[in-house]
Structures are given as structure tokens and as C-alpha cells.
Number of protein chains: 2
Amino acid sequence: MKAVNIGLIGLGTVGSGTVEILRRNNRDISGRAGRDIQVSRIAVRDPGKAREVDIAGIPLGDDPMLVVDDPEVEIVVELVGGDTLAREVVLRAIENGKHVVTANKALIALHGNEVFAKAQEKGVMVAFEAAVAGGIPIIKSLREGLSANRIEWVAGIINGTCNYILTRMENDGLDFSDVLRDAQALGYAEADPAFDIEGIDAAHKLTILASIAFGIPLQFDRVHVEGITGVSLEDIRYAGELGYRIKHLGITRRQHHGIELRVHPVLIPAKRLIANVHGVMNAALIRADAVGPTLFYGAGAGTEPTGSAVVADIVDVVRALTSDPDNRVPHLAFQPGALARLPIMPMEDVVTAGYLRLRVVNRPGVLAAITRIFGDRDISIDTVLQRGHDEENGEVTIIMLTHNTRDENLAGAISEVEDLSVVIGRINLIRLENLA
Amino acid sequence: MKAVNIGLIGLGTVGSGTVEILRRNNRDISGRAGRDIQVSRIAVRDPGKAREVDIAGIPLGDDPMLVVDDPEVEIVVELVGGDTLAREVVLRAIENGKHVVTANKALIALHGNEVFAKAQEKGVMVAFEAAVAGGIPIIKSLREGLSANRIEWVAGIINGTCNYILTRMENDGLDFSDVLRDAQALGYAEADPAFDIEGIDAAHKLTILASIAFGIPLQFDRVHVEGITGVSLEDIRYAGELGYRIKHLGITRRQHHGIELRVHPVLIPAKRLIANVHGVMNAALIRADAVGPTLFYGAGAGTEPTGSAVVADIVDVVRALTSDPDNRVPHLAFQPGALARLPIMPMEDVVTAGYLRLRVVNRPGVLAAITRIFGDRDISIDTVLQRGHDEENGEVTIIMLTHNTRDENLAGAISEVEDLSVVIGRINLIRLENLA
């Protein structure tokens, strides 16, 4: 049977991995797909650049539109990243009736609704497994493997840079800034790390996970986003003493009145499997009504892990080439007509427990004054940690764990406590989830 | 669009879960599948028996062949278990041109080659996600999610009963027989537990995993099978002291000259994620060339977790109803013509490290005599643990960890050491895998 022609746009980290895997595992892949798969045309920014990957014999140019308009190309693989050129390229490929595979989380999170509507109209597939958690087949697992279930929540370590930094801080007792420098030197963090450590990257991925979990449109602008810059070594140590680890999670949860959609650091019980996912590795913990908890773990980034997801998508698309478009796996898990209109909840309404670190003047009545404020707002305190030998210059650190409470209540109590004259500086809040 | 009619055979644990999920999550499921799915006919052994699950309005009889021969039924769901009636029912369903979904690991492990050949001939699908690791979508992940990869090995906790027993022994310091009694009382172990604790159930599942990982025919009779009855509380404690946990694993690994296929207890480093999978939960750790390590965790048994996998298979089959049979996901991951002829390696040729527990007369020269035997067979010793205060009646326990060695060498050395007059009783061997 005739080989399927792939047009590749972008030959950076993921593009190289994709080409290398298709070359090296060609026989296994075609044995699985039932068709030969070949890259028939590539577009890159600089065709003159030396490449490590073997692309001998494949026409290489700098115009992505030549790939997209090539009548021989059946599947366009978009690996340029960003959301401007990528959007143009993908929309034009769809317009031309071509199927698309992309690793681009920003594109899907920001323009996915537009892209999928267009794909639906033209009867083509847009596959994006590589956009979330690299090589872990999490989109497939959630969208197909758990299709029997009502998904209750998803909690994911979906940014390897953040997980690497938090792991090194804990294991090596290093400060955030020292680990960040190391991570940059090792290539685990970008020169401009804001995208990762401020949580934007995780928010893109969580947006996608929430849509396929609950069958809702993509709503990146509704994600509550916090990064890890507010997590100190001190917090990690106190959390450890209390039996918790601090992880940067994307959490989305179905509630009666809407969907929680939030990215922030979280204390989780150290014995949970997901609390034992270390370094640059990713994992997603899903709770669903029939299957209960499931966890999916693997490399969330890197040349070949991400290439693995891109190639798996290509194989899926190849298999579905001749299928009836109405019977394909829907882009957002549910048929377009079956999408839900559940609202995203504002962060104020989200209920979590809290870890609070305060510095106070060590004087009788201080703890009473603080706990009264919490009591007045119906916030129960679960644990207080204050140790005499921590005192320095008449000041002491207090750690408090609260029971579950509305985020707005917690914020109000924190603000009121911060106004007490005996409280020094700001209170550090990290939310706490049991994830059971 | 017309609903898809399901004919269900068997309404025990898994059957009830399947019906309940299809009923409760009907809207979500049809929103994903694009078609309504309804159970149109059920066969059970005793139609008069009281049932907890709501099957009002569904014709119920005791003849499975009426389901299989019903022209309205498009998909036959076989949930009777065993490999005699199940085989008949499934082969006849296929003969009648119907697609089949089954949770039956014995059927697939023992008769899968015959069943899939017949299905291929008739152009129908046989889906069996529920046959391995219950609700974890491990078949889908391996067969589709990792389709870009050359799979290197799979190591799985795929029998919940064994994992429950080993976990309780470790956590509660109980002996094997005490935990087994508890497990039976709680319904985690059958009245006749041999099938689970002797490793047969795990061997069925491993047979299936190996086939879809490496694209080889199903070869249950080639699995090396050991259960957990030889693991003592003492072993679990010594393993713990040395930084390991004992898990009952199914392991299949691609080697230069063939495929390892073995089920037995294994010491694994306690810090590995899979070593932290406790109780009745299942997990499979996969190493593949492009993606690296991935792990899939969840409930391996139970009414709704297994029903979740059955229903996911139904949705998959519904989606593929109109697809070209040549472009479907192949039963054993690879197209029938692309299956490999790799031999299964005899256990003697498998290379692992070993944990050995010996009871010896505490006398000068004993350790030297033992280690000389290992040295003569080129087996290096990694760790020896012998403690003076363990001595009792002039006897002492020695724990030895060896480096990697051929299983045949290890067996030969053990047999020779057992012949020494200073060695009391048998040596307990548990293999050790680093799983890195």
C-alpha cells in the first residue's frame, strides 16, 4: 500500500525527535500502523543550519506554506510552537483538507476552539497528545481509556521545570534561586524561565486537560495561575516535618456549580504516589467515578519523549484516514453537540485546606489573637507548629494548617491577620490537598 | 442515529459493573461515542436470581447462544470467565460477524491466537482491555499510546491479591497465612486462592502484555511462574533493611536472543515509584526506547474498575464500526503479517540479581566455603548481612545479594551450597531487579 506522506514544519527539539523515531523505528511503526509513514517535506526557519538528525533525501525549505499546500502531504505536523505562525499554518492545513498533528499547547489552549471548529467543518483530525505531559499518553487515556467514566478531578505535575526545582530544593536543601541557576545550566529551564516557573505553561496544559475531562470549551483565560517563586526552602522543610511534600500542580475538579481550574503550589501527603514523582518527570492523577484513582507517569518533555507522542498521534491519524469522520474520537472527548456549559468557578469559591507560615512577635496572647480571627470566619485550625527554640530577636515562626475552607475566607482572614501589629511581614499561603 | 445493541453474557461482578456504568453514565458515554449504546439482551446461568443491578426491560435468558445468534446484537460482551464456554461463545459470535468485548484473561492468554485469527478472517474486532490490570487502560497505552516506541521491557504488579498480601505482611508484620485469611474474609482472595497466589492469574496477564509489547503470538505455556507462598515475613524485613521492597511482578523483556517471560517475587529498590504501589492496586512500569520509563497505576479488579475497561472497549468498538478493518488497531498491536518470531527464553538464560536467605551453623570458615562456591561460578556478591545477635542454638541467618547472573548459575550455586553440611535446610531465593 502507498506510504502516507507527512509534511513537517519545525525541526527543533521535538521535530528532530519525531524524525529520528520515524527513521529508527520505521519497521515497528509501520507494523503497527498497517501503512508506511514517510516524511515527504520539511519547512524550517533556517534550511542552511547544520542538523544532527538524518534528513537526507527529504526536500527542505523555509516556507511552511509550501508544506501546507503540497497536494502530496496528507498529514501536517506542526512543531514550530508559539501561537501566531502556528495558528496560520494549522488553519490553512485544515482549510486544505489535511489532518494535523501538533505538540503546541499554547496553540490548543488559546485557539483550540477555533481550530477544532474548523477541523470539524472540514472533516479532518487535529491530534495533540504531545501538547500535555510529553510522552505520557494522557490525552488518549483520559479521552478514550476512561471514556466510561464521569471524571471527578485531575491533578497533575505537568511542568517538569517546576518539579525539578522543588525536588532539588528538598533533596539538596538549596534555595530556589540556586536551583534555578543549575536548572538553566542543565537545560531544564529556559534563559527566561518565567513561562515555566510562573505557571503559564502548566496553565496551558491544564486548560486542555479540563476540556477533555469535562467536555467543556477551552478557557485558558479562566485559569487561576500561581508559580513556584513563593515557595521557600523553609516551607519545604516545615511541610516535610508535617508529613507533606510541596508540588506544583494543575488541578481541575467538577463541583456542583462549576469547574475548578487552578495552577499553584500544593502540600500533598508525602505517602501519595504523586508526591513521589521527582525531578523533571510528570504525572497526572485522575479520579473518576467508575475506575476510582488512576495515575499516569512519564517524561513530560524532551526530544524523544515528546516525539513519541507526536508519532503515536501520526499512527492514530493514519489508522483513522479511512474512517467515517462522525465516528472518530472527538477532539475534546465529547461530540461537539455534547459539550457542557459548566462555568469555571472563580478562585474565591474554591475550597481547599491551607498551609500558612507567619512570623510574629513572641508575646502572650498573639496566637489567641490570630486564631480568633480564623474562628470568626469559620476556619478551623488543624495543626499549629510553634517552637520555642526558633525564637530570634523576640520573633518566632508559626506554621498553621487549616481545615477545608473557601479561598475567599482564607484570603480575608490572612489579610486581617497581616494587619495585626504583632505580625511581621506577609503571610505565606500554600494550599493543601489530600488528593484521596 | 440508531442505538448500538450490546448482547451481554454473564452478569457477575464485572457484568453488573458494566451494566451499572452504562446506565449511570449513559449521557456522558453517548456524548463521547457519538451513538447511544444499549444492552439489548442478557444471558446468565440463573435468570431467576435476585440482582442488585437494574436490568428492567432487558430480555434475560439462560442460553448464551441466543445472544450470540441475535441478529439485532452488534457487539457481544463476554463476561462469563473460564475458557470453555467463553471460547465457544466468542468463536460463534465472531463466526456470526459480531464484534466481541471480553474481560477474560484466561481466554485470551490460552486461546487468543485462535480467536484473533478467526476475528481477522471475519473482519471483526475483539477488544480485551479489561483482561489486564482491570481499569488501567494499559492495553490501549501500550498498543496505541506508545506505538512510536520499541518496547524494551514491562514490569507489572498485575495481581491485586498478591500485592495486598505482601503489603499487609510488610505494614502489619503479619505472616502470610494470617493475611491470606484476612484477604479471604474481605473478598480480596478467593476461597481457593491458588490461582492468584501461585501466579497463574498474573501469568495470563503477562502473556497478553508481552504479545502486545513485542508483537509475538500468545505463549502462556512458556511463562516461568512462581507465586508468593515462598516469601516470608523475615524476607520482607531483611529486604526493607537493605532498602528494598518485595513485590510480585510479571516481567517481560526483549533480549538479543529472545523474550524473557516470567512471574515471580522480586526485590526492587524501595524508592522506585512501583515499589510504592500498595494494597490491591495494580501498576505497570514500561521502558521504551523513545519515551523512556512510563508507569500506569490504578485498580486492577473490582466491579466498576473492570466495568470501566469493558465500557471503554465498547466505545472503541462503536467508533470503529464503520472503519476499514485494515486500518483498525491490530489485536496484538502489530498487523498479523508483522508479528515477530522471537523465541521466549528459558528461565535458565535469564539474568537477574538474587537475594538469598540461608540458615547456617555459625562456625569459622562457613562464609568462606559458601562464597567460594559462588566465586567458582563467576557470581559476584554485592552484599552480605550476618549479625552476631541473630545467633540461636549455634545457627545464624545469612542474607546475600548477588550481582547480575544467569539464573542457571544461581540455581547451580544454590544447590551446591545446600549440599554443604553446615547449611541447614533450603536456601530461599528471591530475584532482585533494579528496574531503572
Q. Mind checking whether some residue in the range B:353-366 is open to solvent by less than 60 Å² (accessible area, probe 1.4 Å), within 30 Å of B:Glu395 (Cβ to Cβ) and not in a strand (DSSP E or B)?
A. yes
Q. Could you say whether any residue in the range A:78-97 is outside any helix (DSSP H, G or I), touching a residue at least 12 places away in the same chain (Cβ under 8 Å) and within 14 Å of chain B (Cβ to nearest Cβ)?
A. no
Q: Please enumerate the residues belonging to the range A:126-163 that are facing another protein chain (nearest Cβ under 7 Å) and either among the acidic types (Asp, Glu) or free of Cβ contacts under 8 Å to residues at least 40 places away in the same chain (or both).
A: A:Glu144, A:Gly145
Q | Filter result (more than 7 Å from chain B (Cβ to nearest Cβ), in a helix (DSSP H, G or I) and within 20 Å of the chain's Cα centre (by Cα)) within the range A:288-318 | A | A:Thr303, A:Thr306, A:Ala309, A:Val310, A:Asp313
Q. When the residues of the range A:331-351 are filtered to those that are facing chain B (nearest Cβ under 9 Å) and without any contact (Cβ under 8 Å) to a residue 60 or more places away in the chain, which remaining residue is nearest to the chain's Cα centre (by Cα)?
A. A:Gln335
**Q.** When residues of the range A:319-329 are limited to those that are in contact (Cβ under 8 Å) with a residue 12 or more places away in the chain and facing another protein chain (nearest Cβ under 8 Å), the one nearest to A:Asn26 (Cα to Cα)
**A.** A:Arg319
Q: For residues that are within 11 Å of chain B (Cβ to nearest Cβ) and assigned to a strand (DSSP E or B), scanning just the range A:255-287, find the one that is surrounded by the fewest Cβ atoms within 10 Å (Cβ to Cβ).
A: A:Arg287
Q: Select from the range A:197-218 the residues that are modelled with pLDDT of 95 or more and open to solvent by 20 Å² or more (accessible area, probe 1.4 Å) and write down the one among them that is nearest to A:Ala340 (Cα to Cα).
A: A:Ile200
Q | Tally of residues being within 24 Å of B:Val291 (Cα to Cα) and modelled with pLDDT under 90 across the range A:295-332 | A | 4
**Q.** Top-ranked residue in the range B:152-188 [being open to solvent by 10 Å² or more (accessible area, probe 1.4 Å) and among the small types (Gly, Ala, Ser); ranked as farthest from B:Ala133 (Cα to Cα)]
**A.** B:Gly173
Q: Restrict the check to the range B:253-266 and report whether at least one residue is without any contact (Cβ under 8 Å) to a residue 24 or more places away in the chain and of a type outside the set (S, T, N, Q).
A: yes
Q. Listed residues B:Val53, B:Val73, B:Val67; which is in contact (Cβ under 8 Å) with a residue 40 or more places away in the chain, buried (at least 18 other Cβ atoms within 10 Å of the Cβ) and not in a helix (DSSP H, G or I)?
A. B:Val73
Q) For A:Gly34, which of the numbered conditions (1) more than 30 Å from the chain's Cα centre (by Cα); (2) at negative phi; (3) not β-branched (Val, Ile, Thr) fails to hold? A) (2)
(Q) Here is a check on your reading of the model: is A:Ile136 of a type in the set (A, V, I, L, M, F, W, C) and out of contact with any Lys or Arg (no Cβ under 9 Å at 6 or more places or on another chain)? (A) yes
Q: Just need a number here: residues in the range A:379-436 that are surrounded by 12 or more Cβ atoms within 10 Å (Cβ to Cβ) and at positive phi.
A: 1
Q) Within the range B:181-213, how many residues are closer than 18 Å to B:Gly302 by Cβ and touching a residue at least 40 places away in the same chain (Cβ under 8 Å)? A) 5
Q) When you go through A:Ala33, A:Ala56, A:Ala50, A:Ala43 one by one, which is the residue that is within 11 Å of A:Leu8 (Cβ to Cβ) and among the small types (Gly, Ala, Ser)? A) A:Ala43
Q: Go over the candidates A:Glu129, A:Glu152 one by one and state the one that is among the charged types (D, E, K, R), at pLDDT 95 or above and within 17 Å of the chain's Cα centre (by Cα).
A: A:Glu129
Q. For the range A:19-31, how many residues are open to solvent by less than 30 Å² (accessible area, probe 1.4 Å) and either more than 15 Å from B:Ala288 (Cα to Cα) or among the hydroxyl-bearing types (Ser, Thr, Tyr) (or both)?
A. 3
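The values are calculated or read from the model by the stated rules, or taken from the named source; none is laboratory data. Keep in mind that this is a model prediction, so the values were computed, not measured. All Cβ positions, even for glycine, are placed from backbone atoms using ideal geometry, and neighbour counts span all protein chains on display. Calculation scope for accessible area: heavy atoms of the full protein, side chains included, ligands and nucleic acids excluded. Shrake-Rupley method; radii C 1.70, N 1.55, O 1.52, S 1.80 Å.
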